[in-house]
Amino acid sequence: MDGNGRWAQQRALPRTVGHRQGAKAVRRVVQACSERGIEVLTLFAFSSENWRRPRWEVDVLMKLFAATLRSEIRRLDEANIRLRFIGDQRAFSPKLQNYIATAAQRTAGNTGMTLVIAANYGGRWDMVQAAQRAAADIATGRLPSADLTLETFQRYICLADLPEPDLFIRPGGEQRISNFLLWQLAYTELYFTERLWPDYDADDLAEACAAFASRQRRFGQTGEQAAGAADA
Ligand code: IPE
Ligand code: MG
């Protein structure tokens with residue numbers, strides 16, 4: 001989610017207002033995705049690099065995160081949405097960690113859309129935490145080192161139990177991945193739009209989905225092979 005600051009700047013408003021408007025866009029887009037029958041939506045809420053922002057802005061983002069979780073949890077639960085969180089949560093206040101755990105527990109049994117919030121997440125961090133956990137299992141003999149393969153290693157990467165993402169959407173005009181799901185995005189279709197996150201709505205989502213539908217996914221095969229597989 002990108003462009004909150006610019007959205008506010010364009011209106012000569014403080015960045016904080018852009019972040020609050022961005023939180024409203026989260027509610028809108030979560031609902032739109034859930035209604036479209038999307039199985040998994042992962043939102044990049046706060047990256048491991050966002051701590052580099054001015055202290056006051058980090059504080060605003062943390063407060064907004066906690067407040068949004070608290071105010072939205074009931075609505076999400078009623079919509080049968082299952083909440084999950086990825087990222088290193090140890091950096092958050094105990095109160096926020098508690099909201100996170102409560103939200104995940106409360107919705108764990110829901111069977112509708114899975115909403116993943118990436119908070120203090122980074123794609124490189126993800127790979128390192130996977131390597132650390134794999135190394136621990138090798139040390140205890142749970143994983144014989146000869147069995148460390150692509151398949152066994154990727155079980156340690158975040159969201160290994162979910163399908164790999166089909167579509168990556170970055171609003172806000174920048175064309176980069178910025179340390180999002182690096183491993184998981186290997187074959188994901190990338191989609192970039194100028195729309196600033198606070199303005200993002202169901203129509204923008206429909207546009208992104210239409211663009212996705214027009215792509216041919218080859219996964220390393222030739223166009224003919226992929227077309228054949230799609231017909232089969
Ligand atoms: C995204 O908007 C919000 C977060 C990173 C949490 P930005 O704050 O990055 O907005 P711009 O890039 O300054 O417009
Ligand atoms: Mg930005």
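The chymotrypsin sites (Phe, Trp or Tyr not before Pro) of segment 141-218 that meet both conditions, a loop assignment by DSSP and at most 13 other Cβ atoms within 10 Å of the site Cβ, are Tyr187.
Given +1 at the Cβ of Lys and Arg, -1 at the Cβ of Asp and Glu and no other charges, the dipole of segment 4-212 around its Cα centre is 1060 debye to the nearest 20.
State, as an integer percentage, the relative contact order of the chain based on alpha-carbon contacts under 8 Å between residues 6 or more apart. Value for the chain: 25 percent. With only the Cα atoms considered, segment 104-232 has a convex hull volume of 185 Å³ per residue. Annotation note: trypsin sites (Lys or Arg not before Pro) in segment 158-232 located in DSSP loop regions with a Cβ neighbour count of at most 15 within 10 Å are Arg176, Arg215, Arg217, Arg218. Placing unit charges on the Cβ atoms only, positive for Lys and Arg and negative for Asp and Glu, gives segment 170-217 a dipole magnitude near 340 debye about its Cα centre. With no solvent and one point per C-alpha, what does the Debye sum give as log10 I(q)/I(0) for the chain at q = 0.12 Å⁻¹? Calculated log10 I(q)/I(0) at the listed q: -0.75.
Karplus-derived 3J(HN,Hα) values for segment 46-54, using 6.51 cos²θ - 1.76 cosθ + 1.60 with θ = phi - 60°, are 7, 8, 5, 8, 5, 4, 6, 6, x Hz; glycine and proline are entered as x.
Comparing Leu148, Gly223, Leu181 along the charge dipole axis of the chain, the residue lying farthest to the positive side is Leu181, per the Cβ-charge model. The ranking of Thr222, Thr193, Thr152, Thr107 from fewest to most other beta carbons within 10 Å of each one's beta carbon is Thr222, Thr152, Thr193, Thr107. Ordering of 142-149, 92-99, 115-122, 157-164 by packing is 115-122, 157-164, 92-99, 142-149, highest average first (other Cβ atoms within 10 Å, averaged per residue). Karplus-derived 3J(HN,Hα) values for segment 180-186, using 6.51 cos²θ - 1.76 cosθ + 1.60 with θ = phi - 60°, are 6, 4, 4, 5, 5, 8, 3 Hz; glycine and proline are entered as x. Coupling constants for segment 96-106 follow from the phi torsions by the Karplus curve (6.51 cos²θ - 1.76 cosθ + 1.60, θ = phi - 60°), and in residue order they are 5, 4, 5, 4, 4, 5, 5, 5, 5, 5, 4 Hz; glycine and proline get x.
Here the gap between Asn98 and Lys63, fully extended at 0.36 nm per residue and compared with their Cα-Cα distance, gives a gain of 11.2 nm.
Every number here is computed from the coordinates shown, using simple stated rules; none is lab data. Given the structure is predicted, the values throughout are model-derived calculations rather than measurements. Positions of Cβ are generated from backbone atoms using ideal geometry, with glycine treated the same way; all protein chains shown enter the neighbour counts.
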